[in-house]
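The values are calculated or read from the model by the stated rules, or taken from the named source; none is laboratory data. Everything quoted here is computed from the prediction, not taken from an experiment. Reconstructed Cβ throughout: ideal geometry from the backbone, glycine too, with neighbour counts over all protein chains shown. Just so you know, the surface numbers come from the protein's heavy atoms only, side chains and all, with ligands and any DNA or RNA stripped out. Shrake-Rupley method; radii C 1.70, N 1.55, O 1.52, S 1.80 Å.
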Amino acid sequence: TTATPEGIFALMKHRLREEQESNGLEDYVVENFYELRIQSENLIRKAGSFQQIEEVTLHDIYVAMAVCGCINEEQIEYLCQLEKDLEIASVVCITENIQRLKELLAQGERVILISDMYLPKETIRQMLLQVDDIFETMDIYVSSEYGRRKTTGNLYRVVQKIEQVSYENWTH
């Protein structure tokens, strides 16, 4: 429901303002949340690249924000949960993609999902279940769980090793 992935951060900033009395966040964090969230992700990705870590987790991002924004562990958990909740609430179905999956399954094909995402697999599944229960038992591989990304090809290698399916049998 946003024009860009960062739109969630704008929605979060609005919610943080509404809940500021109960969330205990400093004015600085609330008023600069959008920029802090983007910069925290950039910072932790850069730090990870020095350690050969290709992907980060949502929690990692907020730990990086804690360094710059004076937030405690309880607030980190609050922000992580708020972001996950808003992501789930903002899902929009792309009907033709769901139909394509259903067709593949009806043909007896094995379907798995591979995602470059810092969100946990459970959150991604909840997002997908907002649009169709076809995702209830579908296997999902998420880059943040393996520290490897699709964009480098390394997450595909992890999935290939686990699934034991040669690449020529894959449909992307």
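Quick notes on this one:
- Close pairs from region 152-170: first of a type outside the set (Gly, Ala, Ser), partner assigned to a loop (DSSP other than H, G, I, E, B), Cβ under 6 Å, at least 6 apart: THR152/GLU54; ASN154/ARG148; LEU155/ARG148; LEU155/ARG149; VAL158/ARG148
- Long-range neighbours under 6 Å by Cβ, at least six apart or interchain, first residue open to solvent by less than 30 Å² (accessible area, probe 1.4 Å) within region 78-100, second of a type in the set (Phe, Trp, Tyr): LEU79/TYR62; CYS80/TYR62
- Scope region 105-141; condition more than 13 Å from the chain's Cα centre (by Cα), among the hydrophobic types (A, V, I, L, M, F, W, C) and under 16 Å from GLU163 (Cβ atoms); matching residues: VAL111, ILE112, LEU113, MET138
- Of all residues making up region 11-20, the number that are open to solvent by less than 50 Å² (accessible area, probe 1.4 Å) and either of a type in the set (Phe, Trp, Tyr) or modelled with pLDDT of 95 or more (or both): 3
- Taken together, the residues in region 31-59 that are surrounded by fewer than 20 Cβ atoms within 10 Å (Cβ to Cβ) and part of a helix (DSSP H, G or I) amount to 14.
- The one condition from (1) open to solvent by less than 20 Å² (accessible area, probe 1.4 Å); (2) assigned to a helix (DSSP H, G or I); (3) not basic (Lys, Arg) that VAL67 does not meet is (1).
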